[in-house]
Amino acid sequence: SSSPPSSSSSLSSPDPQAPKQPFVIGVSGGTASGKTTVCDMIIQQLHDQRVVLINQDSFYRGLTTEELQRVHEYNFDHPDAFDTEQLLHCAETLKSGQPYQVPIYDFKTHQRSSDAFRQVNASDVIILEGILVFHDSRVRNLMDMKIFVDTDADVRLARRIRRDTVERGRDVTSVLDQYRKFVKPAFDDFVLPSKKYADVIIPRGGDNHVAVDLITQHIHTKLGQHDLCKIYPNLYVIHSTFQI
Ligand code: ADP
Ligand code: C5P
């Protein structure tokens, strides 16, 4: 048709004045798979955007005195070890553009700080990282992109032994016992089954620069579409004219 595009064609285009909703990325994978490393690489490449990283670890429940006395029997890899309602509230609040006070968790004492929080402000990109961030469907449904970091179990165990003995105050025997009793079974029962929700699977974690480049290019494109719309508010109308 040669008729000019009706004004209703502009109704379907995004409102350039509308506040931009943050782009939410979920990053899951087994323990020590390189989730944090991949998140840091993504953050570095998105240096022109406001990005915040939320670790599911921050939402571990603090242990009671009785649980602390039998800490070697506590399963930190089961979904119930996390306060998922609070993680959901955090993700929803940040996605709506409001700030949130994220708890601070200590892996040595297995407790949250009673008085300190990390203040997280509104951002363009929110990254939710953790072994079980795909487990709860309500948290999962907030995500615009889901990434699973896939690293061989032997590599992960070797990294975990080094990290937990150096950074988390553990000895090798307790790391191996915990891995056999809780970490590996929970990976098989909860973490691996959640891989099916991933949009992108990154083999080898942080060693995979090509995958991280492709992911950040995609995020830039998604965020850029909104910015272009602000500069050229008629862009979508022009586009519809060409289609007529
Ligand atoms: P996650 O967040 O999945 O637990 P991290 O990114 O924190 O994993 O990595 C776990 C440990 O392995 C850290 O000590 C980190 O320095 C190390 N690590 C991560 N990726 C690599 C890599 N590609 N090569 C060597 N060491 C790595
Ligand atoms: O950083 P990463 O994803 O490895 O963190 C999750 C792991 O932390 C879980 O596999 C869990 O066993 C471990 N953990 C722990 N002690 C705690 C809390 C979590 O060993 N107090």
Study note, to complete from the structure: Whole-percent carbon and sulfur contribution to the accessible surface of segment 25-227 (1.4 Å, no ligands, DNA or RNA) stands at 49
**Study point:** Highest-first arrangement of 147-155, 165-173, 82-90, 24-32, where packing means the average Cβ count within 10 Å
**Key:** 24-32, 147-155, 82-90, 165-173
Review point. What percent antiparallel are the DSSP beta bridges of segment 25-227, to the nearest 5?
Key: 30
Exercise for review: Please give the residues of segment 50-71, grouped as numeric ranges, whose backbone N is less than 20 Å from a label point set 7 Å along the Cα-to-Cβ vector of Asp177.
Suggested key: 63-71
**Study point:** Cα→Cβ-extended label distance, 7 Å offset, between Ser113 and His89, nm
**Key:** 1.9
Review point. Rounded to the nearest 0.05, what FRET efficiency do Leu192 and Gln44 have when you use their Cβ-Cβ distance and R0 = 30 Å?
Key: 0.60
Review point. If you put +1 on each Lys and Arg Cβ and -1 on each Asp and Glu Cβ, how big is the dipole of segment 25-227 around its Cα centre, in Debye rounded to 20?
Key: 220
Check your understanding: Say a paramagnetic label sat at a point 7 Å from the Cα of Thr37, along Cα to Cβ; which residues of segment 171-215 have their backbone N under 11 Å from it?
Key -> 204-209
Review point. Rounded, prolate or oblate: which fits segment 83-224 when a ≥ b ≥ c are the square roots of the eigenvalues of the alpha-carbon gyration tensor, with rounded for a/c under 1.5 and prolate only if a/b beats b/c?
Key: oblate
Exercise for review: Note down the nm distance, to one decimal, between modelled labels 7 Å out along Cα→Cβ at His209 and at Val155.
Suggested key: 1.6
**Study point:** Neighbour-limited loop hits for trypsin sites (Lys or Arg not before Pro), segment 25-80 (at most 11 other Cβ within 10 Å; DSSP other than H, G, I, E, B)
**Key:** Arg70
**Study point:** Contour minus Cα-Cα distance for His220 and Arg138 (0.36 nm per residue)
**Key:** 27.0 nm
Review point. Label 7 Å along Cα→Cβ of Thr65; segment 86-130 residues with amide nitrogen under 20 Å?
Key: 109-115
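The values are calculated or read from the model by the stated rules, or taken from the named source; none is laboratory data. What you see is a predicted model, and the numbers here were worked out from it, not measured in a lab. Virtual Cβ from ideal backbone geometry, glycine too; neighbours counted across all protein chains shown. These area figures cover heavy atoms from the full protein model, side chains too; ligands, DNA and RNA do not enter into them. Shrake-Rupley method; radii C 1.70, N 1.55, O 1.52, S 1.80 Å.
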